[in-house]
Amino acid sequence: MENFIQALFDTIVIEGKTLVLGGDGRFYNREAIQIIVRMAIANKVAKLLIGRNGILSTPAASHLIRKFDADGGIILSASHNPGGPAADFGIKYNSSNGGPANTTLTDKFYEAACQISYYNIVEIADIDLDTLRKETIGDTIIEVIDSVAEYSTLMEHLFDFDRIHHLFNSGVFHARFDAMNAVTGPYAKTILEKKLGANQGSVVRGTPLEDFGGGHPDPNPIYAAGLYEHMFAPDAPDFGAASDGDGDRNMIMGKQFMVSPGDSLAIIVANANRVPGYRDGVVGVARSMPTSRAVDRVAAYMGVECFETPTGWKYFSNLLDQRLITFCGEESFGTGSDHLREKDGLWAVLFWLNILAERQQSVNDIVQQHWHAFGRHFYCRHDYEGISLKRGENVIAQLSEQLPKLSGKHINGHEIIAGDNFSYVDPVDNSVSENQGLRIVLDNGIRIIYRLSGTSTEAATLRVYLERFEPKPEKQLLDTQLALADVAKISRTLAKISELTGLNEPTLIV
Ligand code: CO
């Protein structure tokens with residue numbers, strides 16, 4: 001850790017600069033902060049803004065960097081991955097715009113870390129992380145700040161808190177937020193229970209634990225199974241939501257109903273004029289390439305551009321900085337807007353609560369009316385996990401070879417319209433990102449995407465994203481897996497999945 005921090009400090013020439021510092025509370029968070037504080041003092045950092053108790057959600061860190069004009073921020077987190085002595089830990093650097101450092105910068109950190117021969121550190125006792133205050137040690141001002149209050153003030157500017165308060169006060173509206181024993185607990189308790197009047201106990205698993213209670217803090221039906229089951233029980237509350245380890249992902253649910261991330265983004269954009277912070281209008285939207293195209297239809301209806309980017313929030317950050325987009329999102333439960341430069345879990349939750357308070361309808365009705373108006377994009381991801389990297393690469397290679405000859409071909413009664421290997425030219429910095437996934441478009445609004453994700457040097461996961469558009473309301477209530485059964489079959493045939501991986505069925509369906 002000392003190696004990486006010194007490499008980072010040397011690369012950004014840290015002397016005299018202001019840094020935001022905090023983490024998601026996982027194992028080693030506090031120890032890491034103490035080491036970084038000692039090194040910051042030794043490297044003559046001008047000012048350190050530290051979240052109280054060492055806690056900072058990723059979106060709150062992004063907000064603080066922007067609000068206090070900091071030069072950057074260090075976030076200690078491994079996002080949605082498990083925490084604990086034997087689990088994951090990570091150090092992330094965000095730049096002065098509040099967004100994740102770009103690859104040019106992270107490559108420089110890496111290069112510096114490979115050559116480093118020293119690090120600067122002072123020997124002082126641990127500083128107090130739990131009391132709000134300002135002190136000066138050496139040339140460094142250390143300020144412990146209330147990041148929950150700062151973040152909640154930002155949310156109050158964006159959303160109609162009075163209206164949401166009325167909704168909770170009505171006595172007939174109940175919500176459940178699962179903080180997954182991770183960083184959003186303190187934020188959610190303050191905002192939802194104290195400020196917005198949700199019942200005590202609406203926030204569950206609200207205390208950040210070093211090992212997240214042994215769980216995997218990833219808000220999806222598998223890892224947030226408790227919330228999922230609760231929302232499918234006969235006496236389910238009206239609204240359910242969860243966020244991940246560092247607070248940037250979100251899952252939205254209604255009674256016996258789950259909103260897919262792609263639909264959630266589309267519905268947020270379509271309802272932007274109902275939310276105070278967005279009444280000036282939407283300048284444009286963006287989604288990562290594999291994400292459902294539901295938002296494209298809303299953008300077309302509004303007459304604004306929809307950017308299709310590679311996976312990674314930095315691509316959105318560039319577009320946000322240039323004011324080319326107002327909203328952005330990705331299929332992996334990430335949604336955000338121009339209010340900061342990260343995806344933001346609680347923000348998405350509050351956006352939904354604001355829509356519910358305005359429209360006085362259930363989550364289910366809002367989603368179904370949206371489908372009625374724009375059509376439904378059936379969408380899901382099939383993962384083939386634990387295949388060897390070699391086999392995975394083979395699937396991609398053989399399909400890549402076929403790409404130029406695919407268009408016009410028929411498969412299982414469907415015509416292939418186009419196929420390519422997605423590449424992206426960033427309209428802001430003109431950087432080129434190649435090999436971002438194989439994209440195959442068929443008739444009837446069908447699209448299949450293949451991506452290989454390497455989890456280690458030997459094992460890989462083949463991710464297949466299935467999508468089909470359904471304009472007819474009477475067919476929109478079908479079960480997703482049933483609606484996509486045909487598409488799943490085509491995806492396996494096209495890529496010779498069973499033949500090349502030995503797996504006849506996906507190991508995970510999200
Ligand atoms: Co995260």
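Which angle from 0 to 90°, rounded to the nearest 10, does the C-alpha axis of helix 363-374 make with the longest principal axis of the chain? The angle comes out near 50 degrees. Between Lys409 and Glu474, the FRET efficiency estimated from the beta carbon spacing at R0 = 30 angstrom works out to 0.45.
Go ahead and run the numbers for FRET between Asp162 and Ser400, Cβ-Cβ distance against an R0 of 51 Å, rounding to 0.05. After rounding to 0.05, the efficiency reads 0.40.
With the highest mean first, a sort of the peptides 129-137, 251-259 on other beta-carbon atoms found within 10 angstrom per residue produces 251-259, 129-137. Rolling a 1.4 angstrom probe over the chain with all protein chains present gives an accessible area of which 47% lies on carbon and sulfur atoms. The slack in the chain from Thr103 to Ser498, taken as 0.36 nm per residue of separation less the alpha-carbon distance, amounts to 138.6 nm. From its DSSP helices (H runs of at least four residues, each -39,500 (n - 2.57)), the chain gives a residue-normalised ellipticity at 222 nm of -10000 deg cm²/dmol.
Phi-derived couplings, Karplus 6.51 cos²θ - 1.76 cosθ + 1.60 at θ = phi - 60°, listed residue by residue for segment 102-114: 6, 5, 4, 6, 5, 5, 5, 4, 4, 4, 5, 5, 6 Hz, with x used for Gly and Pro.
Between the Cα long axis of helix 58-67 and the first principal axis of the chain there is an angle of about 60°, rounded to the nearest 10.
Look at the dipole of the chain built from charges on Cβ: of Ala70, Thr184, Gly375, the Cα furthest out on the positive end belongs to Gly375. Taking the Cα centre of segment 376-509 as the origin, how large is its charge dipole in debye, to the nearest 20, when only Lys and Arg (+1) and Asp and Glu (-1) carry charge on their Cβ atoms? I would put it at about 280 debye. For segment 312-382, the relative contact order is 18 percent, taking Cα pairs closer than 8 Å that sit 6 or more residues apart in sequence and dividing their mean separation by the residue count.
With θ taken as phi - 60° and the Karplus curve 6.51 cos²θ - 1.76 cosθ + 1.60 applied, the whole-hertz 3J(HN,Hα) list for segment 275-281 is 10, x, x, 10, 5, 6, x Hz, x standing for glycine and proline.
Rounded to the nearest 20, the Cβ-based charge dipole of the chain about its Cα centre (Lys and Arg +1, Asp and Glu -1) stands at 900 debye. Taken about its Cα centre, segment 317-451 carries a charge dipole of about 360 debye when Lys and Arg each add +1 at the Cβ and Asp and Glu each add -1 at the Cβ. Applying a DSSP loop filter and a limit of 14 other Cβ atoms within 10 Å to the chymotrypsin sites (Phe, Trp or Tyr not before Pro) in segment 175-256 leaves nothing. The long axis of helix 261-270 is offset from the longest Cα principal axis of the chain by roughly 80 degrees.
Among the trypsin sites (Lys or Arg not before Pro) in segment 421-510, none sits in a DSSP loop with a Cβ that has at most 13 other Cβ atoms within 10 Å.
The relative contact order of the chain comes to 12 percent, based on Cα pairs under 8 Å that sit 6 or more residues apart.
Think of segment 376-509 as having a plus end and a minus end, set by charges on the Cβ of Lys, Arg, Asp and Glu; of Ala495, Pro506, Pro473, Pro473 sits farthest toward the positive end of this dipole. Loop only by DSSP, 14 or fewer other Cβ within 10 Å of the Cβ. Give me the trypsin sites (Lys or Arg not before Pro) in segment 137-201 that pass, ordered by residue number. Counting only loop positions with at most 14 other Cβ atoms within 10 Å, none of the trypsin sites (Lys or Arg not before Pro) in segment 137-201 qualifies.
Of the residues Met251, His410, Ala348, the one whose Cα sits farthest towards the positive end of the charge dipole of the chain is His410 (charges of +1 on Lys and Arg Cβ, -1 on Asp and Glu Cβ, taken about the Cα centre).
The values are calculated or read from the model by the stated rules, or taken from the named source; none is laboratory data. In this text, all values refer to a predicted model and were calculated from it rather than measured experimentally. Note: ideal-geometry Cβ built from the backbone for every residue, glycine included; neighbour counts use all protein chains shown. Side chains are part of the model used for accessible areas, which takes the heavy atoms of the whole protein and leaves out ligands, DNA and RNA. Shrake-Rupley method; radii C 1.70, N 1.55, O 1.52, S 1.80 Å.
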